[in-house]
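Please read the structure below before turning to the comments.
The values are calculated or read from the model by the stated rules, or taken from the named source; none is laboratory data. The structure presented is a predicted model; accordingly, all values stated were derived computationally and were not measured. Neighbour counts run over all protein chains shown; Cβ positions are idealised from the backbone, glycine included. The protein model used for the area step is the full one, side chains on, heavy atoms only, and it has no ligands, DNA or RNA in it. Shrake-Rupley method; radii C 1.70, N 1.55, O 1.52, S 1.80 Å.
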Amino acid sequence: MMAPATLFSPRSAAQDKATSPCRRDAATPRSVAPSPAHLAPPVVSFRSPSPSAPKKEVTRESCTSDMKRKALATRAGFKRPSFWVMIFGWSLAICAGFVNVVSFRRWGLFASHVTGATAAIGMRIEGFHHDKHDFDDLGEALWLVFSFLLGAFTCGLLIDKNQVHFLGKAFYGSALVGNALLLLVAALANDRLTSACFASAACGLQNAMCTSHFGAVVRTTHVTGTVTDIGSTLGRMAMLFLRNSCRRSRMNVVERAEVGVDARKLLVLGPMWVCFLFGCISGAYVENSMQQYAFLVP
């Protein structure tokens, strides 16, 4: 006995998909219950910008500002004296060279050459071991060093600080007057060693006065330190130019500041040495005609 066809008629796959509750077509809309993640407010992330270009710009700006600060500190490290101060120092250098040459041409003793006098003391002390008892030469060297020291000591009594304040100008004037009086005694003294010692004391007073007021840059009675400063300054400038292929345009801000400071130093030190040399030449000419009384000229 056969079953009815309607009960056992085959169904297509499409019909099964349409009627099955577990299988629905993708195009059929489906209601989805909202999850807690969907209900949460959106999170806004604040990210830093790209670390490539901005970080390089910040680094470059910081390096530039550091170099500018170093350049300003380099320029502030040296302050060139005013023009009238340099003229005054150059004039004193002429006088010191003049006195030094007159003392040597007349008495055979340098008035401001404390280095040579100290070397003479050492040689005379060494001579005692070889039975060379040069007490006179040893005494002359000791008296010259002591006279120069006494002149500088007198300047310290008159000028106790390195600035002009409360009758400071009068004190500097008294130091100059004392310098002139010492040279006057040196010109009128009959003894060889006495005249040289008074000239040495005048040099010590002058050198201490210039150092107290103008600083260690201006030294008027000797040029050993001056020539040393000139040589070291020229060496620094030459190294900076060689490092940059002798082109100033390739220098950075700090190097340009260093070159500028060294150039200003040379404008002070170079004429100082030239003035001392001019004083030495003038003293040699004047001593030929005035002899011991040439001390009166400076």
What distance in nm separates the simple spin-label points at GLU126 and LEU242, each placed 7 Å from Cα in the Cβ direction? 3.4 nm
Gyration tensor (Cα only) of region 243-298 to equivalent ellipsoid, semi-axes in Å sorted down, yields 44, 10, 5
Would you mind working out the accessible area per residue for region 211-298, using a 1.4 Å probe, and quoting it in Å²? 53 Å²
Suppose the chain between ASP191 and THR228 were pulled fully straight at 0.36 nm per residue; how much longer would it get relative to their current alpha carbon spacing? 9.8 nm
Estimated vicinal HN-Hα couplings, Hz - region 111-126 in sequence order (Karplus 6.51, -1.76, 1.60; Gly, Pro = x): 6, 10, 8, 5, 4, x, 5, 5, 5, 5, 4, x, 5, 5, 5, 5
In Å, what Kirkwood hydrodynamic radius results for region 62-142 from the alpha-carbon pair distances? 17.0 Å
With a 1.4 angstrom probe the carbon and sulfur portion of accessible area for region 193-298, in percent, totals 65 percent
If r is the Cβ-Cβ distance from ASP137 to SER174 and R0 is 35 Å, what FRET efficiency results, to the nearest 0.05? 0.50
Accessible area per residue for region 72-145 in Å², computed with a 1.4 Å probe and the full protein assembly in place, what is it? 59 Å²
FRET efficiency for LYS70 and THR115, Cβ-Cβ distance as r, R0 = 45 Å, nearest 0.05? 0.75
